[in-house]
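Trainee: Here it is: the structure, laid out below.
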Amino acid sequence: MPVTLVLVRTHSHGNLGSCARTARALGAGLVLVAPVADRAHPDASAFASGADELLAAAPVVEGLEAVETGHDLLVALTSLRGRRERGLPARTTVAAVRREAGAGRRVALVLGPERGGLTREELVRCGSRLTLPTRSDFPTLALPQAAAAALALLVAGRAAPGGATQEERASAAEVTRLVATLASELAAAGFVESNGTAVAELAALLRRSRPTSREVGLALGALSALRRRPED
């Protein structure tokens, strides 16, 4: 099951190690995005407890843009505590993510830093968001616990045959290119956002629709044709 655990701006050395151990135990890859903690710290090694090689070899990148290039789908693991959902990617389910991974799509499970979680911009960059079935009056877990619970649920079963294949669906990078092009064309056309979330909502719509590579190409071609249209 091609799943990568992506840790964004992790602060605790021990959490880096614990998540590396979880990734190794459950067969996931590991990517670190702008980590605050030091993976070479003794606490990281102690909590990795046998997963030191995976932690040491994990790619370190500056942002989710780099994660997109190696994955087809970015799934944000978040409880959205106190945040509004408008303009954010649609909710998904463990079963849906299993199907994607089982069909050969490269899935990145994205977890934010311990305190603030993922920023709104980072959430919007993900194709969907997953929430663990916790109690409503106590919905939060520590970072290593959330990573372990989510990965365990994902590997607990295998996707059924069929479903979308990697060739049918556009990659995360392709959809991001379409979103960026649409935003640029809207700005050039004089589109003004009254509430500051309109483009984000359109981006969420595009990601939720799960277009194919061909559909992304058609949309980009249509936007290009509109840009070249002679003025009346």
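The values are calculated or read from the model by the stated rules, or taken from the named source; none is laboratory data. Because the structure is a prediction, the values reported are computed rather than measured. Cβ: placed from backbone, ideal geometry, glycine included. Neighbour counts: every protein chain shown.
Trainee: Restricting to segment 47-58, name every residue that is in a helix (DSSP H, G or I) and over 9 Å from residue 13 (Cβ atoms).
Mentor: The answer is 48, 52, 53, 54, 55, 56, 57.
Trainee: Residue 44 passes all but one of (1) in a loop (DSSP other than H, G, I, E, B); (2) farther than 20 Å from residue 131 by Cα; (3) of a type in the set (A, V, I, L, M, F, W, C); which number fails?
Mentor: (1)
This table checks each residue for (1) among the small types (Gly, Ala, Ser); (2) touching a strand residue (DSSP E or B) at 6+ places or on another chain (Cβ under 7 Å); (3) farther than 25 Å from residue 70 by Cβ; (4) modelled with pLDDT of 85 or more.
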position	(1), (2), (3), (4)
130	no, yes, no, yes
150	yes, yes, no, yes
154	no, yes, no, yes
158	no, no, no, no
167	no, no, no, no
215	no, no, no, yes
222	yes, no, yes, no
230	no, no, yes, no
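Trainee: Quick one: in segment 84-116, of everything that is among the small types (Gly, Ala, Ser) and over 18 Å from residue 151 (Cα atoms), which residue is surrounded by the most Cβ atoms within 10 Å (Cβ to Cβ)?
Mentor: Checked segment 84-116; the qualifying residue surrounded by the most Cβ atoms within 10 Å (Cβ to Cβ) is 87.
Trainee: Further, regarding this structure: Going through segment 94-112 one residue at a time, which ones are farther than 15 Å from residue 175 by Cβ, part of a loop (DSSP other than H, G, I, E, B) and within 14 Å of the chain's Cα centre (by Cα)?
Mentor: Across segment 94-112, the qualifying residue is only 112.
Trainee: Which residues, counting only those in segment 111-124, are of a type in the set (D, E, K, R) and within 14 Å of residue 86 (Cα to Cα)?
Mentor: 120, 121 - these are the residues of segment 111-124 that are of a type in the set (D, E, K, R) and within 14 Å of residue 86 (Cα to Cα).
Trainee: Here is a further query. If I filter segment 176-211 down to residues being of a type in the set (Val, Ile, Thr) and touching a Gly at 6+ places or on another chain (Cβ under 9 Å), which single residue comes out as modelled with the highest pLDDT? Explain how you work it out, then say what you get.
Mentor: Narrowing segment 176-211 to residues of a type in the set (Val, Ile, Thr): 176, 179, 181, 192, 197, 199.
If we keep only those that are touching a Gly at 6+ places or on another chain (Cβ under 9 Å) as well, we get 197, 199.
On the way: 197: 76, 199: 80.
In this case the residue turns out to be 199.
One line per residue, one yes/no per condition, for (1) at positive phi; (2) surrounded by 15 or more Cβ atoms within 10 Å (Cβ to Cβ); (3) at pLDDT below 95:
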| site | (1), (2), (3) |
| --- | --- |
| 14 | no, yes, no |
| 17 | no, yes, no |
| 30 | no, yes, no |
| 35 | no, yes, no |
| 41 | no, yes, no |
| 69 | no, no, yes |
| 72 | no, yes, yes |
| 78 | no, yes, yes |
| 82 | yes, no, yes |
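Trainee: Does residue 24 satisfy the condition of being buried (at least 19 other Cβ atoms within 10 Å of the Cβ), charged (D, E, K, R) and over 15 Å from residue 148 (Cβ atoms)?
Mentor: no
Trainee: Kindly evaluate residue 28 against the criterion of being under 12 Å from the mean Cα position of the chain (by Cα), under 22 Å from residue 126 (Cα atoms), assigned by TED's automatic domain parsing to the domain that holds residue 113 and aliphatic (A, V, I, L, M).
Mentor: So residue 28 fails the test.
Trainee: Same structure, new question: Just one of (1) on the phi < 0 side of the Ramachandran plot; (2) touching a residue at least 40 places away in the same chain (Cβ under 8 Å); (3) surrounded by 14 or more Cβ atoms within 10 Å (Cβ to Cβ) trips up residue 65, so point out which.
Mentor: (3)
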